[in-house]
Amino acid sequence: MKVFVCIKQVPGVSEVKIDPKTNTLVREGIPSIINPHDKHAVELGISIKEEYGGEVIALSMGPPQAEKALREVLSMGVDKAYLLTDRAFAGADTLATSHTLALAIKKLLKETNVKRKYIVICGTQATDGDTAQVGPELAEELNIPQITYVLKFRLEEDDKVIVERAFRTEEVVEIETRLPVLVSVVKEINVPRMPGVQGIVNAYQNKEVIYLNADDIGADKSKIGLNGSMTEVWKIFIPEKKVDHVVLTGTIEEMAQELCNNLHDDKVI
Ligand SMILES: Cc1cc2nc3c(=O)[nH]c(=O)nc-3n(C[C@H](O)[C@H](O)[C@H](O)COP(=O)(O)OP(=O)(O)OC[C@H]3O[C@@H](n4cnc5c(N)ncnc54)[C@H](O)[C@@H]3O)c2cc1C
């Protein structure tokens, strides 16, 4: 079984810089981390391999510095890592991002002649774009079923997938489908393992990060990057904090009373 895990490198700082020309985030030279949800996606991928066998393949679309994120997941136990990097991918919105990831996955499936025995795992959302759109869009691009907000995962009869999915606040629903499938995970699904020294040495000395550009994945330049993006970011700005927040304390009654007083003073009620 092929287990594909999509990871995004995101700014590790809240103070982000915006490129005034393209209105996209400046990523070069900014301290970056692996998108927190994606570490849980990687952990699920590795545990699936440990329990059911298979190969875990991590993919990331980003600037060359995203190699660092892929080395980190290789040290956690991922088998192979692909960095989709090319100026032509820059400025991609979620549609162009998921199209690019889909082309890479289709290429790898074709090369290994895998038709149905695979799974794609994404995080629910990224801390920067925060749209939660890439997972579902990638499933559409691959024309496979998708299950989002996954809390628990198991495989039966070789290709039957049974998951528990967070539904509204308290409820959980159980969903069943067959491979291939795309799942996006929530943080509550597991606790990502910390790579050991051997894992880190292995990741840098014995494992490779394979670079793929637009030509390598057979991309039509009009469908990737800024060209392939349907959404245009007109303005990104850090909202200015207008008012101070008030923390209410005391019993429910006392807090309710204080809230009403404040709303009354502010002429809201
Ligand atoms: C502030 C801001 C606002 C934006 N608003 C929009 C918008 O409204 N609409 C829009 O189309 N684009 C928007 N973008 C661009 C968008 O961030 C990028 O398209 C991005 O590549 C994917 O979207 P996301 O960050 O929302 O990821 P999400 O959809 O939230 O990510 C979900 C999962 O998809 C996978 N994934 C996402 N990106 C990658 C990647 N590059 N490589 C590998 N796996 C990945 C990860 O598993 C991740 O957990 C915005 C970007 C910024 C910085």
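Considering the range 212-242, and only residues there that are in contact with an Asp or Glu (Cβ under 8 Å, 6 or more places away or on another chain) and of a type in the set (Ser, Thr, Tyr), the residue that is surrounded by the fewest Cβ atoms within 10 Å (Cβ to Cβ) turns out to be 231.
Checked against (1) of a type outside the set (Val, Ile, Thr); (2) modelled with pLDDT under 95; (3) surrounded by fewer than 17 Cβ atoms within 10 Å (Cβ to Cβ), residue 50 passes all but a single condition, namely (2).
Does residue 147 satisfy the condition of being part of a strand (DSSP E or B), farther than 29 Å from residue 96 by Cα and either open to solvent by 30 Å² or more (accessible area, probe 1.4 Å) or β-branched (Val, Ile, Thr) (or both)?
no
The condition of being free of Cβ contacts under 8 Å to residues at least 40 places away in the same chain, surrounded by 12 or more Cβ atoms within 10 Å (Cβ to Cβ) and over 30 Å from residue 107 (Cβ atoms) holds for only one of 263, 248, that being 248.
The condition (being modelled with pLDDT of 95 or more, within 13 Å of the ligand (Cβ to nearest atom) and either surrounded by 17 or more Cβ atoms within 10 Å (Cβ to Cβ) or farther than 27 Å from residue 93 by Cα (or both)) is satisfied by just one residue among 191, 185, 209, 161: 185.
It is to be established whether one or more residues within the range 70-93 are away from the ligand (no atom under 14 Å from the Cβ), open to solvent by 20 Å² or more (accessible area, probe 1.4 Å), basic (Lys, Arg) and more than 21 Å from residue 206 (Cα to Cα). Checked the range 70-93: at least one residue is away from the ligand (no atom under 14 Å from the Cβ), open to solvent by 20 Å² or more (accessible area, probe 1.4 Å), basic (Lys, Arg) and more than 21 Å from residue 206 (Cα to Cα). Total residues in the range 1-22 satisfying the condition of being near the ligand (Cβ under 9 Å from one of its atoms), modelled with pLDDT of 90 or more and not in a strand (DSSP E or B): the figure is 2.
Scan the range 164-180 for residues that are exposed (fewer than 15 other Cβ atoms within 10 Å of the Cβ) and on the phi < 0 side of the Ramachandran plot and jot them down. First the steps, then the outcome.
Filtering the range 164-180 for residues exposed (fewer than 15 other Cβ atoms within 10 Å of the Cβ) gives 167-174, 176, 178.
Within the range 164-180, 167, 169, 170, 171, 172, 173, 174, 176, 178 meet the criteria.
When every residue of the range 150-157 is checked against the conditions, none turns out to be open to solvent by 50 Å² or more (accessible area, probe 1.4 Å), in a loop (DSSP other than H, G, I, E, B) and either of a type in the set (Phe, Trp, Tyr) or closer than 25 Å to residue 71 by Cβ (or both). Among the residues of the range 165-197, those identified as touching a Phe, Trp or Tyr at 6+ places or on another chain (Cβ under 8 Å) and without any contact (Cβ under 8 Å) to a residue 60 or more places away in the chain are 165, 166, 167, 173. Do we have residue 98 as away from the ligand (no atom under 11 Å from the Cβ), of a type in the set (Ser, Thr, Tyr) and open to solvent by less than 30 Å² (accessible area, probe 1.4 Å) here? No: the conditions fail for residue 98. When residue 140 is tested against the conditions (1) under 18 Å from residue 1 (Cβ atoms); (2) of a type in the set (Asp, Glu); (3) at pLDDT 95 or above, the lone failure is (1). Each residue in the range 122-158 was checked for being near the ligand (Cβ under 7 Å from one of its atoms) and under 26 Å from residue 170 (Cα atoms), and 11 pass.
The values are calculated or read from the model by the stated rules, or taken from the named source; none is laboratory data. In this text the structure is predicted, and so the values were computed from the model without any measurement. In this analysis, Cβ positions are derived from the backbone assuming ideal geometry, glycine residues included, and neighbour counts consider all displayed protein chains. Keep in mind that these areas ignore ligands, DNA and RNA; they rest on the heavy atoms of the full protein, side chains included. Shrake-Rupley method; radii C 1.70, N 1.55, O 1.52, S 1.80 Å.
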